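Participant: First the structure, which I've put down as structure tokens, then a few questions once you've had a look.
Values in this text are rule-based calculations from the coordinates and carry no lab data. Keep in mind that what you see is a predicted model, and the values were worked out from it rather than measured. Neighbour counts run over all protein chains shown; Cβ positions are idealised from the backbone, glycine included.
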Amino acid sequence: MNPLVSLAKQSVESFIKEGKIIEIPGDLPGDFLKKRAGTFVTIEKNGELRGCIGTYLSSRANIAEEIIHNAIAAATEDYRFGLITTEELPFLSYTVYILSYPEPVEDIKELNPKKFGIIVKSQGFSSGSDVIFNTAPEYYQKTGLLLPDLEGVDSAEKQISIACQKGGIEPQKEKVFIYKFTAEKYQ
């Protein structure tokens, strides 16, 4: 098992069984202890989504710590699902994503849903519909994120539409800002 996937699994199992956040194992590759990045942890049960939470910008000291906290959040805080139970633990599988720093998109032609994930942000309602490229406001009211290479997402338009839905963004009524990122996927 990949060390990052194992870290996610250990984090969830320790928290669900004992209510404890694990210490960072010393045997992880050095980059994951030194570098910072956003991470997402996806948990599936028998091939069906059971939880997925992450951060697109790092909020912890290193990638390992980011994975530990996002794995626990995916197991306990994903509003679409109830808390993962001890009985479910043997049936779970984990995927860990390490995200690159998001870059503003200047043209929809830059997007490729197989290669890039996207972040769609909005300040809220405006007088008309605008998709704004590379002109970001200082704050956002709504954000939707979609990881790259998801089954059934085969066009940039569909990717943007789904990300808007996830963020509660109405692109016909709101100014929308789009960012792209790549993700290293570990299963």
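Participant: Could you list which residues have their amide H under 5 Å from that of I53, counting only those 5 or more apart in sequence or on another chain, with H placed in the peptide plane?
Facilitator: Here the answer is V41, A74, since their amide H atoms fall under 5 Å of that of I53.
Participant: Separate question: Angle, helix 3-18 long axis vs. longest principal axis of the chain, Cα atoms, 0 to 90°, nearest 10?
Facilitator: 70 degrees
Participant: How large is ³J(HN,Hα), in whole Hz, for each residue of the range 166-180 in order, when computed from phi with the Karplus curve 6.51 cos²θ - 1.76 cosθ + 1.60 and θ = phi - 60°, using x for Gly and Pro?
Facilitator: Each residue of the range 166-180 in turn: 4, x, x, 9, 9, x, 6, 10, 10, 6, 10, 10, 10, 10, 10 Hz.
Participant: Still on this structure, I have one more. Normalise the Debye intensity by I(0) for the chain, one equal point scatterer per Cα, no solvent, then take log10 at q = 0.15 Å⁻¹ and round to two decimals.
Facilitator: -0.89
Participant: Relative to the Cα centre, what is the charge dipole magnitude of the chain, using +1 at the beta carbon of each Lys and Arg, -1 at the beta carbon of each Asp and Glu, and rounding to the nearest 20 debye?
Facilitator: Numbers: 21 positive and 26 negative charges, 31 e Å.
Taking the Cα centre of the chain as origin, the dipole is about 140 debye.
Participant: Using the Cα gyration tensor of the range 23-118, with a ≥ b ≥ c the square roots of its eigenvalues, what is the shape: rounded (a/c below 1.5), prolate (a/b larger than b/c) or oblate (neither)?
Facilitator: Values: a/c = 2.23, a/b = 1.26, b/c = 1.77.
Oblate, because a/c is 1.5 or more while a/b does not exceed b/c.
Participant: Show me, for the range 92-102, the HN-Hα J-couplings you get by feeding each phi into the Karplus relation (A = 6.51, B = -1.76, C = 1.60, θ = phi - 60°), rounded to Hz, glycine and proline as x.
Facilitator: Result, ordered by residue: 9, 10, 10, 10, 10, 10, 10, 9, 6, 5, x Hz.
Participant: Collect residues whose amide H, placed 1.01 Å from N in the peptide plane, falls under 5 Å from the amide H of E174; neighbours closer than 5 in sequence don't count.
Facilitator: Excluding prolines and chain starts, which carry no amide H, the hits are S126, D130.
Participant: Work out, step by step, the length gained on full extension between T76 and K45: first 0.36 nm times the residue separation, then minus their alpha carbon distance; give nm to one decimal. Present the calculation step by step, with values, prior to reporting the outcome.
Facilitator: Values: separation 31, 0.36 × 31 = 11.16 nm, distance 1.44 nm.
Gain in length upon complete extension: 9.7 nm.
Participant: Order 91-102, 22-33 from most to least packed using the mean count of other Cβ atoms within 10 Å.
Facilitator: Numbers: 91-102: 19.3, 22-33: 12.7.
Put in order of decreasing packing, that is 91-102, 22-33.
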